[in-house]
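For reference, the structure is listed below as structure tokens.
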Amino acid sequence: MSAAARFTTLTRLLHWVMAAIVLTMLFVGIGMVSTVSGRYHGLIGIHRPLGIAILVLAVIRLVNRLLNPGPALPMHLNRLERFAAKASQVVLYVLMILMPLIGWGMLSAARYPVVLVAGVQLPTILPQDPALYAVLRQVHTVLAYVFIATFIAHFGAALVHAWIYRDGVFTSMAPWRARPSSRQ
Amino acid sequence: MTVAALAFAYVGGWMSPHRLSPARMIAAFQQVNGSHPGFRRNHAKGLCFIGYFDSNGAGQQLSKAEVFAPGRMSVVGRFALAGGQPFQADAARTVRSLALRISLPNGEEWRTGMNAIPVFPVNTPQAFYEQLLAARPDAATGKPDPTRMADFLARHPESARAVAIIDSEANSSGFANSRFNSLDAFRFVAASGATTSVRWAMVPNEAFAADDPTDPHERSPNYLFDALIAQLHQQPLQWHFVVTIARPGDPTNDATQPWPVERAQVDVGTLTVEHAQGEDSGACRDINFDPLVLPSGIEPSDDPLLSARSAAYSRSFTLRAGETKPASAVQTPPAPSAERP
């Protein structure tokens, strides 16, 4: 891969905006379920609109990805590394779309009003069913941990590409243009 | 990466096992009351009802919430006794509660849970937790250890003052003539943007009658609920929805403190309770009366109990939603053996 092969500006913008939102979301989510302090209500107030924002952005991003696949992975990666790269991206896409839907669905099944911000309420997307709510609520937690683990692995792999392989994978997504480097 | 993982662990509470999480709060209820799958972890013994709220329009000067526009809105509610034991015998001294879900015409909901005490015994989630554990039955005697509660009150003078206020108020004879108070403060937001700190109460139309401990009916384990069911068979029961307006300086973050009695009050409408429904299949069964399910125009105050209630109720609801609930103590029509003449 040449240093010039980069994802499009739109792709990079979506990537980094969503990286910031998802990271915020994961901290908000894990923080709000661990406290009965006054922060709880504020965190829930952020969690719901942020989740829907991630859902909308993730769908836009998925369409963009299909239209603009971006540069291929460098040839030096072995099969396991290729598999890990592809699989972690699939997991991240699936979670970005599935987690907000599960959250929305579980609130629907519990018949909580799905209030995004004061006065803006989403329709319910599942019938009222407490048992279904209990299952979805549990799945939401388990997948949140999977999300955190995958996020950290993705972040770690990006650093490996940037600092050890120096193979242009990181700079292809970096928000800035790669400086000419004698190492490449 | 390690930093990121540690940051998650810190925020998630794994490094601070003493942080009061919703799970820990609800586990304490189980520790005190034993395990009662399928039931609410607090206010476990209850009865559903359906009814309606007639707004008279007077609340519109204080809040833009549609609930205060003149008109009738349907209500699903629940009368209950405080405590996590779904089969406890009714007792005059047990705190009674009234929870409402008012459905607004625009699709919003207002959920509120009120108690028939003038102030709340604690003003922080931590104190609530300590009080809960201080009241747990002693392993040897099966009764709460009075020295533990005395220790708690000595460490929490605000609770000692609140308990004195609560004890000074005579218990009424039943649910129908109980006054139910929001205890926590909230903020009403008017259409102009002006905010007002308020507390509210459901004030019964039924005349006050003091509890009579010599009444032989009090030996019946469901006497309060059965009397309520019998009254509702006769006619609907009504409460006036009365909003109390704070003055600057009135505590909004301390539910142990009463507001001065001369504060202005606005009667914003009437709650009519039409029919009782046993909660095994009643409409209230699957509702979490989360006090922070609020319509636009009503906001939480800085009272720290509100977030704690919301978080703990959510945990309780999540647990019971995944469990199978045995039959409730209170049935409609009442079980023949417990029926009052």
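Nothing in this text is a laboratory measurement; each read-out follows from the coordinates by a stated rule. Here the structure is a predicted model, which is why all the values come from computation and not from measurement. Backbone-built Cβ (ideal geometry, glycine too); neighbour counts: all protein chains shown.
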Along each principal axis of its Cα atoms, how long is chain B end to end? Whole angstroms, biggest number first, please. 64, 56, 39
Give me the mean projected area, in nm² to one decimal, of the convex hull enclosing the Cα positions of segment B:147-234. 9.9 nm²
Nearest-20 debye value, chain B charge dipole, Cβ charges on Lys, Arg, Asp, Glu: 720 debye
If unit charges are put on Cβ atoms (+1 for Lys and Arg, -1 for Asp and Glu) and the dipole of chain B is taken about its Cα centre, the option from B:Phe49, B:Pro105, B:Ser16 lying farthest towards the positive end turns out to be B:Ser16
Segment B:Ala27-B:Ile165, length gained on full extension (0.36 nm per residue, minus Cα span): 46.8 nm
Relative contact order for segment A:9-173: what percent, with Cα pairs under 8 Å and sequence separation of 6 or more? 20 percent
So how strong a dipole does segment A:9-173 carry about its Cα centre when Lys and Arg Cβ are +1 and Asp and Glu Cβ are -1, to the nearest 20 debye? 120 debye
Positive end of the charge dipole of the protein assembly as shown (Lys, Arg +1 and Asp, Glu -1 on Cβ, about the Cα centre): tell me which of B:Phe188, B:His240, A:Ala144 has its Cα farthest that way. A:Ala144
Tail weight of P(r) past 27 Å, computed on alpha-carbon pairs of segment A:9-173, percent: 31 percent
Provide the descending list of Cα extents for segment A:93-184 along its principal axes, expressed in whole angstroms. 62, 28, 16
Rounded to the nearest 20 debye, dipole of the protein assembly as shown from Cβ charges on Lys, Arg, Asp, Glu: 2780 debye
Starting from the amide H of B:Asn222, placed 1.01 Å from N in the peptide plane, find each other amide H under 5 Å away whose residue is 5 or more places distant or on another chain. B:Asp90
Hey, what do the phi angles of segment A:150-164 turn into as Karplus ³J(HN,Hα) couplings, whole Hz, using 6.51/-1.76/1.60 and θ = phi - 60°, x for Gly and Pro? 5, 4, 5, 5, 4, 4, x, 5, 4, 5, 4, 5, 6, 9, 9
Radius of gyration and Dmax for the protein assembly as shown's Cα atoms, expressed in Å? 27.0, 97
Around A:Pro71 (Cβ within 13 Å, Cβ-to-Cβ, excluding A:Pro71; K/R +1, D/E -1) the net charge comes to +2
Segment B:1-50: percent of C-alpha pairs farther apart than 19 Å? 50 percent
Can you tell which of B:Arg96, B:Arg155, B:Arg199 shows the greatest fluctuation in a Gaussian network model of chain B with Cα springs below 10 Å? B:Arg155
Compute the signed sum of charges (Lys and Arg +1, Asp and Glu -1) over the other residues within less than 13 Å, Cβ to Cβ, of B:Thr272. -2
Place a label point 7 angstrom from the Cα of B:Met1 along the Cα-to-Cβ direction, then list the residues of segment A:1-42 whose backbone nitrogen is under 19 Å away. A:23
Relative contact order for chain B: what percent, with Cα pairs under 8 Å and sequence separation of 6 or more? 25 percent
3J(HN,Hα) from dihedral phi, segment B:278-291, Karplus parametrisation 6.51/-1.76/1.60, rounded to Hz, x for glycine, proline: x, 7, 5, 10, x, 5, 7, 3, 9, 9, 8, 7, 5, x
For segment B:91-203, the spread of Cα positions along each principal axis, largest first, Å: 56, 30, 26
May I ask you to evaluate 6.51 cos²θ - 1.76 cosθ + 1.60, the Karplus curve with θ = phi - 60°, for each residue of segment A:12-25 and list the ³J(HN,Hα) values in order in whole Hz, giving x for glycine and proline? 5, 4, 4, 4, 6, 5, 5, 4, 5, 5, 5, 4, 4, 4
Here the tail fraction of P(r) beyond 16 Å, over all Cα-Cα pairs of segment B:28-73, rounds in percent to 60 percent
Assuming R0 = 41 Å, what is the FRET efficiency of B:Arg148 and A:Leu62, from their Cβ-Cβ distance, to the nearest 0.05? 0.10
Counting alpha carbon pairs within less than 8 Å and at least 6 residues apart, what relative contact order, in whole percent, applies to segment A:65-124? 17 percent
Can you give the net charge of the other residues whose Cβ lies under 15 Å from the Cβ of A:Gly105, counting K and R as +1 and D and E as -1? +2
Cut-off under 24 Å on the C-alpha distance; same-chain residues fewer than 8 positions from B:Lys325 excluded. Which lysines are left, in chain and number order? B:Lys45
